[in-house]
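The values are calculated or read from the model by the stated rules, or taken from the named source; none is laboratory data. If you're wondering where the values come from, they're calculated on a predicted model, not measured in any experiment. Using ideal geometry, Cβ is built from the backbone for each residue, glycine included, and neighbour counts are taken over all protein chains shown.
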Amino acid sequence: MTVPRLELRALSKQFGAFTAVDGVSFAVERGEFLTLLGASGSGKTTTLRLVAGFETPSAGAILIDGVDAAHQPPFKRPVNTVFQQYALFPHMSVWDNVGYGLRMRGRPADEIRERVGRALEMVRLHDLGGRAPRQLSGGQQQRVALARALVNEPQVLLLDEPLGALDLKLRRQMQTELTALNRQLGITFIYVTHDQEEALTMSDRIALMRGGRIEQIGPPRELYDRPRSRYVADFIGETNLIPTGDNAWLSVRPEAVAIGSDGRPGVVTAVVYAGSAVKTHVRLGDGTEVVSQQAAHRPTATVGETVCVRWPEDQAVTVRD
Amino acid sequence: MTRGAKTLGVAFPVVWVIVTLLLPYALLLVQSFWRLKAGVITHEFTFDNYRRLFGTPVYPHTILYSAGVAARVTVASLLLAYPLAYLLAFKVGRHKQLMYMAVIIPLWVSYLVRAYGWKIILGTNGILNGLLMAVGLTHAPLGIFLYNRAAVVLALTHIYTPFALMPIYAVLESIPASLKEASQDLYGSRWRTFVHVTLPLSFPGVMAGCTFAFVLSMGDFIAPQLLGGSDSALMVSNLVWSLFGVAYNWPLGAAVSVVMLLLTLGLLWLASRLEARWNYTGARVGAPAATA
């Protein structure tokens, strides 16, 4: 049995009376891409900051390669962070920003030159080493922040909503680049985001957080197909929650709902065209609204029409609060 | 707002600045070119006042001496203000506002009271002598504490340190916490984080604080008068004071004032250039307004 790259054991953090992180435990393997997903205030960023060392845990352990780092200062931990607003040093050139960690560790000058050069090449910024950070675009600054962290070859790379400030197109591009870097370098990535789509596309596993705890942890598919609670079903992707009484619901994804002549009857209340797909909203007899998502080339129902909705048994998951 | 009210709103400050600031400076400049003939100021254009100013050793010497006092005050204020501003900005937690007020409140106490206070502490019947005698270090009061340059520097440092502190505090406050975290994340210890990140980013505030302390103490004339003893005659503002007063040589007094004004403006210009060059955090520390 190998030691996980990073393991959190019953990690907790209290700020006064407020519990930001409440007994979080998980283990991450070498080279794994784990996303901490959650709404704001769910404890995902605090968890990341605990691993980085910017916060001291109230309880629990943080094991990096089996060694407890929970009370080490950040500058002694073999982890590096990509900050939300990049946090590039404004008084240093791009080159000096990237070389900062190596200089602080007292690496020889020619090694620094070689590694900084390679890191800048890796993020395709080798021509811009002499620039000041403020002379770069948001996407370029993002790449500098990435190079500045990765040049140190950390055991774990922590990313705190690193794409939050970029526009959609650039985000998509950086998502692909980040996953490629993760595969290529074999460095463990811990990625914090509130964007479930981002989490689904990039991660090996997702830990969905809620109120300082992990609601569910697993591969994206598992969270999408087998949500453990109503919250998970609702947070990851879109879903229909059909009450079955006793504080339980059936969670059915819109793409699993078919419209036809047999099944549960209802009235079409809206037909929403969304490019490749059409979403048909149907109100059932008990008032529950069910959304069906089908390819746009299929014939569509009209508002006011009475139709029937049905779904395969194995596509419906019973969830509770 | 009506057009008329708007015009008035702009006109009033403009008129105010012209009447209370620019006009007196213009009069001062004109005065400095007039001739003093047998104790009477005559409206004849001359460079004599400037010739005499730079030709008589006592005047440049006084300006240099004042600059020396101001430089000492600046260094002492900086050494006090920087650590204090650092503590206020980063270490006092939720009592920050209260502590900041505690530093600023002395500014509301009359300048004279603060300067005079040092007389009470340092004088022959003062608290310091009383203390020294009480613990048996001396048997008779010592007259060495008061009426010298050190006393002036001490009092001016006390008076102007809050002015040095404010811009330093402002710039330290404006440094994003994430930059310090980034440095620590990249293996920078607390000390190296201070040296490589916090200190260089606080330069604009240091520059503004130094300018405040230097310009204000260089132009001061009450503390040297109260605490400087015979040396007091050698601060440049005391010189101006006596030229306009007992000496009744307004043109020469005006010439000294003009030279001081130009020196100060040059300094402010230089300081604001440096502040702008080093300003990365967008802090508004600003070059202090001319008080000369």
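Assorted remarks:
- Where residue A:224 falls short, out of the listed (1) in contact with a strand residue (DSSP E or B) (Cβ under 8 Å, 6 or more places away or on another chain); (2) farther than 21 Å from residue A:84 by Cβ; (3) hydroxyl-bearing (Ser, Thr, Tyr): (1)
- Options A:36, A:63; residue that is over 17 Å from residue B:187 (Cα atoms), touching an Asp or Glu at 6+ places or on another chain (Cβ under 6 Å) and outside any helix (DSSP H, G or I): A:63
- In the set (1) buried (at least 16 other Cβ atoms within 10 Å of the Cβ); (2) assigned by TED's automatic domain parsing to the domain that holds residue A:36, residue A:230 fails one condition alone, (2).
- Subset of the range B:173-205 [surrounded by 23 or more Cβ atoms within 10 Å (Cβ to Cβ) and within 30 Å of residue B:68 (Cβ to Cβ)]: B:202, B:204, B:205
- Yes/no for residue A:146 being in a helix (DSSP H, G or I), more than 14 Å from every other protein chain (Cβ to nearest Cβ) and either more than 24 Å from residue A:42 (Cβ to Cβ) or not β-branched (Val, Ile, Thr) (or both): no
- For residue B:181, the conditions (1) in contact (Cβ under 8 Å) with a residue 40 or more places away in the chain; (2) within 14 Å of another protein chain (Cβ to nearest Cβ) all hold with the exception of (1).
- When the strands (runs of 3 or more DSSP E) confined to the range A:210-321 are screened for residues that are of a type in the set (D, E, K, R) and at negative phi, those reaching at least 1 such residues are found at A:213-218, A:264-274, A:277-284, A:289-295, A:306-310, A:316-320.
- Residue A:115 within 14 Å of chain B (Cβ to nearest Cβ), over 16 Å from residue B:185 (Cβ atoms), in a helix (DSSP H, G or I) and free of Cβ contacts under 8 Å to residues at least 40 places away in the same chain: yes
The rows are residues; the columns are (1) modelled with pLDDT of 95 or more; (2) farther than 13 Å from residue A:316 by Cα; (3) over 30 Å from the mean Cα position of the chain (by Cα); (4) not polar (S, T, N, Q).
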site: A:225; (1), (2), (3), (4): no, no, no, yes
site: A:237; (1), (2), (3), (4): no, yes, no, yes
site: A:244; (1), (2), (3), (4): no, no, yes, no
site: A:254; (1), (2), (3), (4): no, no, no, yes
site: A:284; (1), (2), (3), (4): no, yes, yes, yes
site: A:289; (1), (2), (3), (4): no, yes, no, yes
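- Single condition residue B:281 does not satisfy, out of (1) surrounded by 18 or more Cβ atoms within 10 Å (Cβ to Cβ); (2) more than 14 Å from chain A (Cβ to nearest Cβ): (2)
- Residue satisfying condition, being without any contact (Cβ under 8 Å) to a residue 24 or more places away in the chain, under 18 Å from residue A:161 (Cβ atoms) and under 16 Å from the mean Cα position of the chain (by Cα), within set A:193, A:176: A:176
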